[in-house]
Each structure stands twice: as C-alpha cells, then as structure tokens.
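Chemist: One structure follows; several queries about it will come next.
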Amino acid sequence: MFLTMTFRWFLVFSVSIAVTAIDDDLIPSTLDGPFEPVTVPYDVSLRGNAVDLPDTDPRVRRCVEGFEPEQISVSLSVNYDSVWISWITGEFQVGNKIKPLNPNTVASVVRYGRSRVPLTDEASGHSLVYNQLYPFEGLQNYTSGIIHHVRLTGLKPSTLYYYRCGDPSISAMSDIYHFRTMPVSGPRSYPNRIAVVGDLGLTYNTTDTIHNLKSNKPDLVLLVGDVSYANLYRTNGTGSDCYDCSFPETPIHETYQPRWDYWGRFMQSLISRTPIMVIEGNHEIEEQAGKQSFVAYSSRFAFPSEESKSSSPFYYSFNAGGIHFIMLGAYVDYSKSAKQYKWLERDLANVDRSMIPWLVAAWHPPWYNTYTAHYKEAECMRLEMEELLYSYGVDIVFNGHVHAYERSNRVYNYTLDPCGPVHITVGDGGNREKMAIEHADEAANCPEPSSTHDEDMGGFCATNFTSGPAAGKFCWDQQPDYSAFRESSFGHGILEVKNETWALWTWYRNQDSSGKVGDQVYIVRQPELCLGSIKLPKSSFADS
C-alpha cells in the first residue's frame, strides 16, 4: 500500500498541475484497483416523491406573452469558439384541429457580447415547427411553438458572454442571459466541473437532482438520454407509471408533447447559462404517423453534428478543453457497416491525444450493468463497438437507462483490464418510472435470455458467458468483479479533470442535502502502460 501511495503522488506531481483542495489520502484512485465489489443496501424511504410536476406548477407554466422567447438553452459546437442558442416562441396546440405556426413569421436573432451593455455582435439562425400526429379516432395531435436555433461563432475561450435572443423587429426579445465558453483544447486546459445525469423526467425527485446539481456550479451538463418522459402520457394528458402497462390497446404508442414544453421551462434557469449536451434515449423514440420517430428530440435541441462531420443528430462529438466527447446512438444502426460506425472510426482517428488526452464516450443503455432491469440489453452494440473504443483508449463511458447508479472497474470484454474504460451508469436522475433495485446476480433474479431483447436496439445477442468465473452461465452468482460500486438512489455526478492524467469523479445522492459524497474516485490514465493496446492516430503518447 505504501508503494502504491508513493507511486500515486509521484504521478500527481510529475505533471504541471497538481491535484489540490481534496485530501487525497481519503479518496481512492483506479491505481488502487480493481476494487472489491460494493453494494449499498436500498433505502425504501427514497421512492416517495417520484411523482411528476403537474401542469399547474408555476415552474412549468408559460410566463411570457406573444412571441417572446421561452425555453432558452445553450449547447456547444465542436470547439470553444462556437455555441448554439436555442429557444421557442409562440404557443403549442393540442387537439384534433391544429394549425401549425409559420416559422418564417418570427426572426431568429441573438445579440451578444463580452459586456452586458451594449451587446455589440449579432447572429441570425433558422427556425422550425414540428408536429406529433396520430391519425386515429380519439387520439389528439400536437404542433409546437416556433423553435429557433442560432449559432454564435468567433468566440474567445474561457470567456463570459452576455446575450439576448428573439425578434427585435416585433419587440420580442428575451432578458439578458450569460454563458461561459469552454477553455481552449490542450493537455492542461479543462472545464472546472462537468455534471453528468440521465433519465431526468420532471418529477419532484428531478427538482431535487437539479437543485443539487446547480449547487455544484457546473460548466457543462451532459444528459445521457431519456429527457422529458412525455411518452408516459396519453394524448389527452393523463399519465402512466409504466411505459407498457397503460397503452395495450392503442394503435400507436401515445405521447403528450406538452411535457416537453414543461421540461424546457423548468430547465431554463440552468441551461440558459450552462451548456447542455444531450444524446437520445429510448423515451425519445416517440413513434407517430408515417413511422416518424425522434422528432421532438431532433427538433428541440441543437447538435454539432455537421461541425463534427456527422450526418445525424443521433451521434456527434465535441471538445471541452482537453476532453473529446463522443456521443453515440444506441437506437440507430451501430453495426460495423453502418454510417455511425464509419463516422466513429474517422472521428477517433482524428483526435490528437497530445493535445486532447481524455476520451469520454456516452450513450444511453449501459454495456456493463448488473441490475435485472435492462440486463445485457445492449449486448449487440457492445459486440459491434467495444473493440474500436478500446483500441483508441477511451477513458470513461457514461450511460443511463438503468434507474440506479453503478461504477465499474476498468473492464474490457467482461474482463478486468487496466487499459479498459471505467463505465459509469447514472440513470438515477429522478423520473417517475420505478427505480432499479434488483440485481441479476441475486438468487432467482437472473433474467431469461429471451426477455432481455429490445427490438428498438436492433438485435438479440445476449448469451451465456464463455469464460471467467461465470463461464457457462447467463448471470454471475455474486456481484461481478467488474462492478466496483452500485446503489439504488437518485442523484447526479460531477467530473473534474485535473490534468492529462488525473480526473476526479464524484456521485451525489439526492437524499444527502448537505452535499455529502455518495461515491468518489480518481480516474487515472496510464497511457504508457497501454501503448500496446491503443492505436496512435496523429501523435504517440510518448510525445505527449
């Protein structure tokens, strides 16, 4: 243990930015791993507030008039010098006779600058309206307000900008908001805090999550799928606690789109000043007439797809200082012959690890999940993509989908591997569906293999383990060695990258209102150890 601690401190002080402000002796690092598996017992008192905010709650009510902007948000482009500003004007409509607004009637303008007054720069963008249509008797249709997206360019790194958005020609401009750009990409340049959350919804638990998340003052929010849970509602606005149980007889799975507007209003106080980056989850599928899907997701958020040379809002990438984020789509084709896979190969090959040391990937359903909920559901995706991510040395993977928290040891192909990524599941944002509390390794909880198939993910690949302690079995008979820590509680996580080698990951439970830590670990990169396993695209680790 003494030698391990000595080596850890040598690594910390061998880089130019030392880890400070935290007592390192109390926080383990992946250098101390692999860790013995830990399961925190479920606290039955935590379920009480998994109830959605009603449409009468003042936090979700429309509080603007005419075509004044609402649901304002900021999202990143590929690099620090560009961001997207998004907002909505006009009122949505629900009913059998809806008349979509004309997006050309309201301009998309952002005035911005480094001083609050005057706002010296101006940018224009584009606008759209989307519909959610159900041509069946008894089901109501929806048409949105006018959704605006404007890209600001030529921005300075790590700089505070003020902005107003709207249409100045009709005196419909927002209040003045502000955001801070990301730092320049470099091995010693990182955002202070990145919040990671999944499966939010809009419950009273969600409000606790966002309140606690705000208190950590993040520079960026990563939302790993399942946003509004509008598809837990019928088109008449009545809700359900279960995706399947209340919709058995409808000709198409209904969704109540105003829940998206409620979510945008509630989140505005955070995401109008802190950039949010979103990837789709299964609750964003929202099939409608003509087999269209993901329409709300694709319309409401701005994605740096074109800037990152992706042809789709379902997968894209961006930089935040010395971190390259890869956002992947689990509900579109991910096979080796698909456009997404080919894009991923090109994107990974173009990352200069001497300038951008950290690779972080995110998608919705986890590959390494020991809960019965969604157990091995994403196995086909893992089999297609894991080797590619491993070969380029991805450091951390974030997922949601499973409504609990779990952190893995470094793992590859179900085997402990010091060069594999740490997988972290944060599907505990607070949505109204039930929390995952049962584990597949507990007696009588191992699912039937056929029950793990999800048709939205394209295939069935879940089989028995072929090697290791669980060889010949579909589930382990104890918490797997690749599962380091798991707990069924609502919460969120904060990633703080300290330098090109060390990053601090902290998970906070909602019930710990004092800010007490639920789980904490330093994730340490060891590129010199993994040179034989990792492809070297533009420059070798030895040069960094």
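Chemist: Of everything in segment 456-508, what is of a type in the set (D, E, K, R) and in contact (Cβ under 8 Å) with a residue 60 or more places away in the chain? Give them in sequence order.
Modeler: Those that are of a type in the set (D, E, K, R) and in contact (Cβ under 8 Å) with a residue 60 or more places away in the chain: Asp456, Asp481, Arg486, Glu487, Glu496, Lys498, Glu500.
Chemist: Does segment 364-373 include one or more residues that are in a loop (DSSP other than H, G, I, E, B), farther than 20 Å from Tyr331 by Cβ and not aromatic (Phe, Trp, Tyr)?
Modeler: Within segment 364-373, one or more residues are in a loop (DSSP other than H, G, I, E, B), farther than 20 Å from Tyr331 by Cβ and not aromatic (Phe, Trp, Tyr).
Chemist: With the condition kept exactly as written, say whether any residue in segment 136-151 is in contact (Cβ under 8 Å) with a residue 60 or more places away in the chain, within 27 Å of Ala230 (Cβ to Cβ) and of a type in the set (Lys, Arg).
Modeler: yes
Chemist: Scan segment 335-369 residue by residue and report those that are more than 20 Å from Gly281 (Cβ to Cβ), of a type outside the set (Ser, Thr, Tyr) and surrounded by fewer than 18 Cβ atoms within 10 Å (Cβ to Cβ).
Modeler: Lys336, Lys339, Lys342, Glu345, Arg346, Ala349, Asn350, Asp352 - these are the residues of segment 335-369 that are more than 20 Å from Gly281 (Cβ to Cβ), of a type outside the set (Ser, Thr, Tyr) and surrounded by fewer than 18 Cβ atoms within 10 Å (Cβ to Cβ).
Chemist: Also, quick follow-up: Kindly provide the set of residues from segment 449-463 that are of a type in the set (Ser, Thr, Tyr) and either in a loop (DSSP other than H, G, I, E, B) or open to solvent by 20 Å² or more (accessible area, probe 1.4 Å) (or both), ordered by number.
Modeler: Within segment 449-463, Ser450, Ser451, Thr463 qualify.
Chemist: Follow-up. Considering (1) modelled with pLDDT of 95 or more; (2) under 24 Å from Asn231 (Cα atoms); (3) in a loop (DSSP other than H, G, I, E, B), say which one Glu36 fails and leave the rest.
Modeler: So Glu36 meets the others, but not (2).
Chemist: I would also like to ask the following. Please work out which one of (1) under 26 Å from Trp260 (Cα atoms); (2) open to solvent by less than 40 Å² (accessible area, probe 1.4 Å); (3) touching a Leu at 6+ places or on another chain (Cβ under 8 Å) is the condition Met182 fails and give its number.
Modeler: The failed condition is (1).
Chemist: Would a scan of segment 301-308 turn up a residue that is within 24 Å of Gln71 (Cα to Cα), small (Gly, Ala, Ser), at pLDDT 95 or above and open to solvent by 10 Å² or more (accessible area, probe 1.4 Å)?
Modeler: yes
Chemist: Could you tell me whether segment 96-107 includes any residue that is exposed (fewer than 14 other Cβ atoms within 10 Å of the Cβ) and modelled with pLDDT under 95?
Modeler: Yes, the conditions are met somewhere in segment 96-107.
Chemist: Scan segment 291-304 and report the pairs whose first residue is more than 16 Å from Gln268 (Cα to Cα) and whose second residue is buried (at least 23 other Cβ atoms within 10 Å of the Cβ) and of a type in the set (D, E, K, R), with Cβ atoms within less than 9 Å and a gap of 6+ or a chain change.
Modeler: As it stands, the answer is Ser293/Glu284; Phe294/Glu280; Phe294/Glu284; Ala296/Glu284; Tyr297/Glu280; Tyr297/Glu284; Ser298/Glu280; Ser298/Glu284, since those pairs meet every condition given.
Residue by residue, here is whether (1) open to solvent by 40 Å² or more (accessible area, probe 1.4 Å); (2) farther than 30 Å from Asn350 by Cβ holds:
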site	(1), (2)
Val221	no, no
Ala230	no, yes
Arg259	no, yes
Trp263	no, yes
Ser269	yes, yes
Arg273	yes, yes
Tyr297	no, no
Ser310	no, no
Asn319	no, no
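Chemist: Among the strands (runs of 3 or more DSSP E) lying completely within segment 467-544, list those that include at least 1 residues that are surrounded by 17 or more Cβ atoms within 10 Å (Cβ to Cβ), of a type in the set (Phe, Trp, Tyr) and modelled with pLDDT of 95 or more.
Modeler: Because the criterion is at least 1 residues that are surrounded by 17 or more Cβ atoms within 10 Å (Cβ to Cβ), of a type in the set (Phe, Trp, Tyr) and modelled with pLDDT of 95 or more, the strands (runs of 3 or more DSSP E) in segment 467-544 that meet it are 483-487, 502-509, 517-524.
Chemist: Could you tell me which residue of segment 14-33 is nearest to Pro187 (Cα to Cα), considering only residues that are more than 27 Å from the chain's Cα centre (by Cα) and either modelled with pLDDT of 70 or more or open to solvent by less than 40 Å² (accessible area, probe 1.4 Å) (or both)?
Modeler: The extreme case among them is Val15.
Chemist: Go through the residues of segment 92-115 one by one and say whether even a single one is assigned to a strand (DSSP E or B), of a type in the set (Gly, Ala, Ser) and in contact with a Lys or Arg (Cβ under 9 Å, 6 or more places away or on another chain).
Modeler: The answer is no; no qualifying residue exists.
Chemist: Output yes when any residue across segment 171-178 is at pLDDT below 95 and open to solvent by 10 Å² or more (accessible area, probe 1.4 Å), and no when none is.
Modeler: Yes, the conditions are met somewhere in segment 171-178.
Chemist: Being assigned to a loop (DSSP other than H, G, I, E, B), open to solvent by less than 20 Å² (accessible area, probe 1.4 Å), modelled with pLDDT of 95 or more and at negative phi: is that true of Cys446 here?
Modeler: Judged against the criteria, Cys446 is not a match.
Chemist: Being open to solvent by less than 10 Å² (accessible area, probe 1.4 Å), in contact with a strand residue (DSSP E or B) (Cβ under 8 Å, 6 or more places away or on another chain), under 28 Å from Thr206 (Cα atoms) and in a loop (DSSP other than H, G, I, E, B) narrows it down to one of Gly420, Gly393, Gly429, so name that one.
Modeler: Unique residue meeting the criteria: Gly429.
Chemist: Tyr134 is checked against (1) aromatic (Phe, Trp, Tyr); (2) closer than 26 Å to Asn96 by Cα; (3) not in a loop (DSSP other than H, G, I, E, B) and fails just one. What number does that condition carry?
Modeler: Tyr134 satisfies all of (1) aromatic (Phe, Trp, Tyr); (2) closer than 26 Å to Asn96 by Cα; (3) not in a loop (DSSP other than H, G, I, E, B) except (3).
Chemist: Does segment 110-135 hold any residues that are over 17 Å from Ser77 (Cα atoms), in contact (Cβ under 8 Å) with a residue 24 or more places away in the chain and of a type in the set (S, T, N, Q), and which are they?
Modeler: Answer for segment 110-135, where residues must be over 17 Å from Ser77 (Cα atoms), in contact (Cβ under 8 Å) with a residue 24 or more places away in the chain and of a type in the set (S, T, N, Q): Ser115, Ser127, Asn131, Gln132.
Chemist: I would also like to ask the following. I need a count of the residues in segment 370-379 that are buried (at least 24 other Cβ atoms within 10 Å of the Cβ) and either without any contact (Cβ under 8 Å) to a residue 24 or more places away in the chain or of a type in the set (A, V, I, L, M, F, W, C) (or both).
Modeler: Summing the residues that are buried (at least 24 other Cβ atoms within 10 Å of the Cβ) and either without any contact (Cβ under 8 Å) to a residue 24 or more places away in the chain or of a type in the set (A, V, I, L, M, F, W, C) (or both) in segment 370-379 gives 1.
The values are calculated or read from the model by the stated rules, or taken from the named source; none is laboratory data. Just so it is clear, the model here is predicted, and its values are computed rather than measured. Glycine also receives a Cβ, built like all others from the backbone with ideal geometry; neighbour counts cover every protein chain displayed. Accessible surface areas use protein heavy atoms only, side chains included; no ligands, DNA or RNA. Shrake-Rupley method; radii C 1.70, N 1.55, O 1.52, S 1.80 Å.
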